[in-house]
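Peer 1: This is the structure I want to talk about, given as structure tokens.
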Amino acid sequence: MSVSVISVTTSLPAREPSRVLRKFLRNKSAVTGAVLVVTFALLALLAPWISPFDPIKADFMAVRKAPSALHWLGTDELGRDILSRLFWGARTSLMAGCVSVMIAIVIGVPLGLIAGFWQGWLDSVISRVVEALLSCPFLVLAIALGAFLGPSLGNAMIAIGLSAMPIFARLTRAQVMSIRNEEYIEGARAIGLPDRWILWRYVLPNVLSPILVQATLAIASAIITEASLSFLGLGQQPPDASWGAMLNTARSFLEQSPWMSIFPGLAIFLTVQGFNLLGDGLRDALDPRSE
């Protein structure tokens with residue numbers, strides 16, 4: 001009897017990833033999102049080698065040229081190649097999205113674990129702080145923090161991360177509270193395991209799936225927020241490329257040079273849509289109730 005139990009227990013982890021992968025691949029929208037995300041990630045990584053021109057070098061003989069065989073997406077107000085700046089802007093947007101969400105996870109998840117597992121006065125203090133932050137709209141809070149910290153990409157990522165942190169803290173707390181009284185948690189307490197080991201070994205693995213889904217969706221929001229901060233001059237600083245900064249410049253030339261705004265806006269739309277589709281697909285694939 002004990003041999004059969006061991007064989008079942010060890011075979012479950014091998015089947016679970018394959019089940020999740022099959023469900024994910026059956027979802028065409030999720031696969032489309034994954035393709036978009038991977039495509040823009042590759043463009044960002046390969047930007048130094050695939051960019052046809054220097055993204056920050058001005059060419060005053062080619063100012064605001066329409067798309068052509070030489071400049072596929074045209075040039076901007078300083079004669080810089082828009083395609084090259086889009087590739088390098090992808091680096092800025094993806095880095096801002098991923099780093100800011102990592103900041104939110106590193107701060108928010110431990111707070112949620114503490115509040116949901118121990119409760120008491122710690123839960124009250126953390127919950128009140130989180131509720132106060134959530135009462136302020138995400139974008140407004142990020143802009144306020146960005147203005148307070150000062151204009152730079154690093155400060156923008158910190159501002160976005162701190163603004164997204166309450167979402168992860170609240171999500172983690174809710175997940176922990178739903179499992180803290182399960183039998184396997186009570187059993188771990190009964191055999192004398194310390195709380196920190198129970199949190200690390202039993203609680204955290206069971207809350208990772210919703211955190212992963214939320215992180216994917218939060219990256220999309222972070223990319224939009226970084227573009228907004230750069231549009232306002234609080235994000236990536238010139239002459240470095242940023243999709244938001246490119247839109248900010250392009251607003252003065254909407255009628256004369258529409259390509260300056262069309263392509264950065266399209267890049268933001270496709271990247272955000274990719275992360276949203278990917279997040280929805282992961283949520284469906286990781287949900288054991290959806291078949």
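The values are calculated or read from the model by the stated rules, or taken from the named source; none is laboratory data. Keep in mind that this is a model prediction, so the values were computed, not measured. For neighbour counting, all protein chains shown are included, and Cβ atoms are generated from backbone atoms with ideal geometry for every residue, glycine included. Accessible surface areas use protein heavy atoms only, side chains included; no ligands, DNA or RNA. Shrake-Rupley method; radii C 1.70, N 1.55, O 1.52, S 1.80 Å.
Peer 1: Over the range 124-172, with every protein chain in place, what whole percent of the accessible area is carbon and sulfur at 1.4 Å, could you tell me?
Peer 2: The value for the range 124-172 is 75 percent carbon and sulfur by accessible area.
Peer 1: What's the long-distance tail for the chain, i.e. % of Cα pairs beyond 27 Å?
Peer 2: 52 percent
Peer 1: In the chain, which whole DSSP H runs stretch at least 15 Å along their own axis (Cα) and average 0.0 or higher on the Kyte-Doolittle scale?
Peer 2: Passing helices, by number: 2-26, 28-45, 82-118, 120-134, 138-149, 153-179, 204-231, 259-286.
Peer 1: Once you have the Cα-Cα distance between L45 and M61, take 0.36 nm times their residue separation minus that, and quote the gain in nm to one decimal.
Peer 2: 2.8 nm
Peer 1: Only Cα pairs under 8 Å and at least 6 apart count here; give the relative contact order of the range 33-125 as a rounded whole percent.
Peer 2: 24 percent
Peer 1: Relative contact order of the chain: what whole-number percent is it, with Cα pairs under 8 angstrom and at least 6 residues apart?
Peer 2: Result for the chain is 26 percent.
Peer 1: Further question on the same structure: Could you give the length gained on full extension between S152 and L21, defined as 0.36 nm per residue of separation minus the Cα-Cα distance, in nm?
Peer 2: Length difference between fully extended and current span is 43.3 nm.
Peer 1: By how many nm would the segment from Q237 to E255 grow when fully extended, if each residue of separation counts as 0.36 nm and the alpha-carbon distance is taken off?
Peer 2: Here the segment from Q237 to E255 would lengthen by 4.0 nm.
Peer 1: Tell me, how many Å apart are the Cα centres for the range 112-152 and for the range 57-81?
Peer 2: Answer, in whole Å: 44.
Peer 1: Exposed loop chymotrypsin sites (Phe, Trp or Tyr not before Pro) only (DSSP loop, at most 16 other Cβ atoms within 10 Å): please give the longest stretch of the chain free of them, not including the sites.
Peer 2: 73-291
Peer 1: In whole percent, and with a 1.4 Å probe on the protein chains, what portion of the accessible area of the range 174-285 is carbon and sulfur?
Peer 2: Of the solvent-accessible surface of the range 174-285, carbon and sulfur hold 59 percent.
Peer 1: Note down the magnitude of the dipole of the chain about its Cα centre, charges +1 on Lys and Arg C-beta and -1 on Asp and Glu C-beta and zero elsewhere, to the nearest 20 debye.
Peer 2: The dipole of the chain has a size of about 400 debye.
Peer 1: Specify which residue in the list L162, G279, Q237 is farthest towards the positive end of the charge dipole of the range 148-291, using unit charges on the beta carbon of Lys, Arg (+1) and Asp, Glu (-1), about the Cα centre.
Peer 2: L162
Peer 1: Still on this structure: So, for the chain, what is the accessible surface per residue at a probe of 1.4 Å, expressed in square angstrom?
Peer 2: 53 Å²
Peer 1: Going by the alpha-carbon gyration tensor, a ≥ b ≥ c the square roots of its eigenvalues, is the range 35-187 rounded (a/c under 1.5) or, if a/c is not under 1.5, prolate (a/b greater than b/c) versus oblate?
Peer 2: Judged from the Cα gyration tensor, the range 35-187 comes out prolate (a/c at least 1.5, a/b above b/c).
Peer 1: Mind listing the long-range amide H neighbours of L73? Cut-off is under 5 Å, sequence gap 5 or more, other chains count too, H placed in the peptide plane at 1.01 Å from N.
Peer 2: Residues meeting the criterion, in which the H sits 1.01 Å from N, are S68, I82, L83.
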